[in-house]
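Everything below concerns the one structure shown next.
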Amino acid sequence: QVQLVESGGGLVQPGGSLRLSCAASGIIFSIYTFAWYRQAPGNQRELVAAITNVNLVNYADSVKGRFTISRDNTKNTVYLQMNSLKTEDTAVYYCQVPSRGSWGQGTQVTVAS
């Protein structure tokens, strides 16, 4: 059974940074693509970034140049480094294994002054 546990969310001022982590278990981590999604109140869940098993990455236009997705296969963990945060980045951020349809419980990111 796939388990994904996100962490690293919190309250940060505009322009600040956060690093989210997603620890995975129950799968052979190195062979899977992972994705970060987010959902703000009243909005649909949207793709933020994804990373393949060979470290190909893609980003939503709204976060390009500010967010960086990475993975550490030795720690079974995927990261989302978020810089230059904006109020519109406020959302619950979720980790996903697209091919398994598995989701984490989410971590809240709030950008506010």
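The values are calculated or read from the model by the stated rules, or taken from the named source; none is laboratory data. These numbers were taken from a predicted model, which means no experiment stands behind them. Because the Cβ atoms are built from the backbone with ideal geometry, glycine has one as well, and the counts that use them run over all protein chains shown. Just the protein is used for accessible areas: all its heavy atoms, side chains included, with ligands, DNA and RNA removed. Shrake-Rupley method; radii C 1.70, N 1.55, O 1.52, S 1.80 Å.
Within region 71-104, how many residues turn out to be in contact with a Lys or Arg (Cβ under 8 Å, 6 or more places away or on another chain) and in a strand (DSSP E or B)?
10
So, in region 1-22, of the ones that are farther than 24 Å from S84 by Cα and in a strand (DSSP E or B), which residue ends up most open to solvent (accessible area, probe 1.4 Å)?
Initially, region 1-22 is screened for residues farther than 24 Å from S84 by Cα, giving 1-5.
Still in the running and in a strand (DSSP E or B): 3-5.
Values: Q3: 107, L4: 13, V5: 80 Å².
Selected residue: Q3.
Can T33 be described as open to solvent by 60 Å² or more (accessible area, probe 1.4 Å), of a type in the set (S, T, Y) and in contact (Cβ under 8 Å) with a residue 12 or more places away in the chain?
On the way: open to solvent by 60 Å² or more (accessible area, probe 1.4 Å): no; of a type in the set (S, T, Y): yes; in contact (Cβ under 8 Å) with a residue 12 or more places away in the chain: yes.
Taking the combined requirement at face value, the residue does not satisfy it.
Condition first: free of Cβ contacts under 8 Å to residues at least 40 places away in the same chain and either under 12 Å from the mean Cα position of the chain (by Cα) or under 23 Å from Q105 (Cβ atoms) (or both). Now tell me which residues in region 42-57 satisfy that. Explain how you work it out, then say what you get.
Within region 42-57, the first condition is being free of Cβ contacts under 8 Å to residues at least 40 places away in the same chain, and the residues that meet it are 42, 44, 46-47, 49, 51-57.
If the condition is that a residue be free of Cβ contacts under 8 Å to residues at least 40 places away in the same chain and either under 12 Å from the mean Cα position of the chain (by Cα) or under 23 Å from Q105 (Cβ atoms) (or both), then G42, Q44, E46, L47, A49, I51 are the ones that fit.
With respect to Q1, determine if the residue is polar (S, T, N, Q) and over 11 Å from the mean Cα position of the chain (by Cα).
yes
Looking at (1) within 14 Å of the chain's Cα centre (by Cα); (2) not in a strand (DSSP E or B), can you tell me which one R38 breaks?
Unmet for R38, out of (1) within 14 Å of the chain's Cα centre (by Cα); (2) not in a strand (DSSP E or B): (2).
Could we say that G65 is surrounded by fewer than 16 Cβ atoms within 10 Å (Cβ to Cβ), without any contact (Cβ under 8 Å) to a residue 40 or more places away in the chain, over 24 Å from T90 (Cα atoms) and not acidic (D, E) here? Even if it seems obvious, please write down each step before you answer.
Details: surrounded by fewer than 16 Cβ atoms within 10 Å (Cβ to Cβ): yes; without any contact (Cβ under 8 Å) to a residue 40 or more places away in the chain: yes; over 24 Å from T90 (Cα atoms): no; not acidic (D, E): yes.
So G65 does not fit the description; no.
List every residue pair whose Cβ atoms sit under 8 Å apart, with the two residues 6 or more apart in sequence or on different chains, where the first one lies in region 1-25 and is in contact (Cβ under 8 Å) with a residue 40 or more places away in the chain and closer than 20 Å to D89 by Cα and the second, anywhere, is exposed (fewer than 14 other Cβ atoms within 10 Å of the Cβ) and among the β-branched types (V, I, T).
P14/T87
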